[in-house]
Amino acid sequence: MARFLYTLIYYLILPLILARLYWRGRAAPAYRLRWRERLGWFKAPGFAQRPLWVHSVSVGETVAAALLVNRLLKEHPERPIVVTTMTPTGSERVKALFGDRVFHVYAPYDLPGPIMRFLRRLNPSALIIMETELWPNWIALCAAQGVPTVVANARLSERSAKGYGKVSAITRPMLQKLSWVAAQNAVDGGRFVALGLPQERLSVTGSIKFDISVSEELRAQSLALRDAWGGPKRFVWVAGSTHEGEDAVILAAHQQLLAHRPDALLVIVPRHPERFDKVGEDILRAGLRMVRRSSNATVTPDTQVLLGDTMGELLRFYAAADLAFVGGSLVDTGGHNPLEPAAVGKPVLMGPAVFNFADICAQLEQAQGLRFVERGTLEDVLLALCDDDAARLRMGEAASKVVNDNRGALDRLLEGVLQQAPQR
């Protein structure tokens, strides 16, 4: 009955959802494209075998999914893969990462009609949901059609668990239909069980984000970038995946840094492309000399800020920097992935709101590879570290060690996924 009422309400508000999609298209026109796919209307390729369906809601989950998808493509090339996302930025990352090696389509809305159209067109052998993107009708209808559902690299923050707990009449039956949950840690796994997941369907496999690979090509590209930015003597810091409400704090801290180190360079990378122009205006309004990455203009000694208004380059930027600030953490967003700068041996700064990566951040902080900052302390920590090469080196080495010591989750996840979705 609870899922019936949920579905009824969803159908009633569907016109508003479509209107919001159109409205978001004012700032990001890609939201207005391919909207029919979200209702399950698309042309599917003729697969020789039933495909694996991998769902990654947006950019962060897609980057994590890439580790699993690339392994599957390499070791099981005979198995076709469908990757769904919810956002245009996620779609762009899928195309950039995989090209035509996978079939990409927007995920269907959580309504029986769109879902059944999707399932009939693709006939997946299993659904693999990255991290936590749980939709009651998806899971119920996949179970009814005999499609196993796996939650891979699963995480469930305390805040999210409380939210799911408030609708336990929907949550508990949904979790009981899951085939397997591969949790990042025991705490997150325990929250799934407390909400209704059968204990025997839980495994703690660790976070596959520790299995991030840094190619020699990327390292070479980062060295070339650093030379183009002014070489090793120039202090460069990257503020990655920033959100509204953080940029002003970061720009103010950089202005204080410039008073101490006039040649310092800030590379600021907003999380969402629709904010590129707004952040560019903020930089100019602050009186800072800016170059946009998309312009391919030269970064000169007079350039004070490089606006990273391109997609897919953040890891390269981190590798080319002296220090990284990871955004979404000075606002109540929950933070983004600190393992990207850690994997390339960079000291990491984050604000206090890191509930999306609480366990990982705790490990990095305990190892002294990460320092937490507040809005009022970012500039002080930045000034202290910019002059302390030895401290930055120690932090970077400690962060890198945490990554290396925790590798192996991908192997465990891949083994479990193949057990849940045998070839057929």
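The values are calculated or read from the model by the stated rules, or taken from the named source; none is laboratory data. Here the structure is a predicted model, which means the values were calculated and not measured. FYI the Cβ positions are ideal-geometry reconstructions off the backbone, even for glycines, and counts take in every protein chain you see. Ligands, DNA and RNA are excluded from the accessible area calculation, which covers all protein heavy atoms including side chains. Shrake-Rupley method; radii C 1.70, N 1.55, O 1.52, S 1.80 Å.
Would you mind telling me the share, in percent, of accessible area of the chain contributed by carbon and sulfur at probe 1.4 angstrom? Looking at the chain in its full context, I get 54 percent from C and S. With the simple spin-label model, which puts each label point 7 Å out from Cα in the Cβ direction, the Met116 to Gln256 separation comes to 6.0 nm. Computing Rg and the Kirkwood Rh from the Cα coordinates of the stretch 165-301 gives a ratio, Rg/Rh, of 1.17. Every Cα-Cα pair of the stretch 327-419 was included, and the share exceeding 21 Å stands at 36 percent.
Under 1.5 on a/c is rounded, so check that first for the stretch 7-107, then, if it is not, pick prolate when a/b is larger than b/c and oblate when it is not; a ≥ b ≥ c are the square roots of the alpha carbon gyration tensor eigenvalues. It is prolate, given that a/c is not under 1.5 and a/b is the larger ratio. Taking a straight Cα-Cα cut-off under 21 Å and skipping sequence neighbours fewer than 8 places away in the same chain, the lysines within cross-link reach of Lys233 are Lys346.
By the Kirkwood approach, averaging reciprocal distances over each pair of separate Cα atoms, the stretch 114-159 gets a hydrodynamic radius of 11.3 Å. Stretched out straight at 0.36 nm per residue, the stretch from Leu284 to Leu223 would grow longer than its current Cα-Cα span by 19.2 nm. Within the listed set Ile17, Ile283, Ile139, the residue fluctuating most in the Gaussian network model of the chain (springs between alpha-carbon atoms under 10 angstrom) is Ile17. Projected onto their three principal axes, the Cα atoms of the stretch 295-370 cover extents of 40, 25, 22 Å, largest first. With kT/(6 pi eta Rh) evaluated at 37 °C and eta = 0.692 mPa s, and Rh the Kirkwood radius from Cα pairs, the stretch 206-263 diffuses with a coefficient of 231 µm²/s according to Stokes-Einstein. Among Asp227, Asp110, Asp309, the largest mean-square fluctuation in a Gaussian network model of the chain, built with springs joining Cα atoms closer than 10 Å, belongs to Asp227.
Legend: Rg and Dmax of the stretch 324-365, from Cα coordinates, 9.1, 27 Å. Relative to the current alpha-carbon distance between Leu393 and Phe4, full extension at 0.36 nm per residue lengthens the span by 134.4 nm.
A simple spin-label model places pseudo-atoms 7 Å from Cα toward Cβ; at Ile13 and Ala30 they are separated by 2.6 nm.
Placing a label point 7 Å from the Cα of Arg20 along the Cα-to-Cβ direction, the residues of the stretch 112-145 whose backbone N falls under 20 Å from that point are 112-115, 132-139.
On the principal axes of its alpha carbon atoms, the stretch 101-248 extends 60, 36, 32 Å, with the longest extent given first.
What FRET efficiency comes out for the pair Arg159/Trp41, r = Cβ-Cβ distance, R0 = 51 Å, nearest 0.05? Efficiency, rounded to the nearest 0.05: 0.90.
Taken over the stretch 88-173, the percentage of Cα pairs per 5 Å bin, counting from 0 up to the bin with the maximum distance, is 3, 12, 18, 23, 21, 14, 7, 2, 0. Would you mind checking the stretch 86-113 for residues with the amide N under 18 Å from a putative spin-label position 7 Å along Cα→C-beta of Gln145? Flagged as within label range: 86, 103-113.
With q set to 0.10, 0.14 Å⁻¹, the log10 of I(q)/I(0) for the chain, from the Debye formula over equal scatterers at the Cα positions, is -0.72, -1.33.
Residue order by solvent-accessible surface for Glu340, Glu200 is Glu200, Glu340, largest first, with ligands and nucleic acids left out and a 1.4 Å probe. Kirkwood analysis of the Cα pair distances in the stretch 252-340 returns a hydrodynamic radius of 13.9 Å. Loop-resident trypsin sites (Lys or Arg not before Pro) (DSSP state other than H, G, I, E or B) in the stretch 1-43 with no more than 12 further Cβ atoms inside 10 Å of their Cβ: Arg26, Lys43.
Scaling the Cα radius of gyration of the stretch 212-366 by the globular reference 2.2 N^0.38 Å produces a ratio of 0.98.
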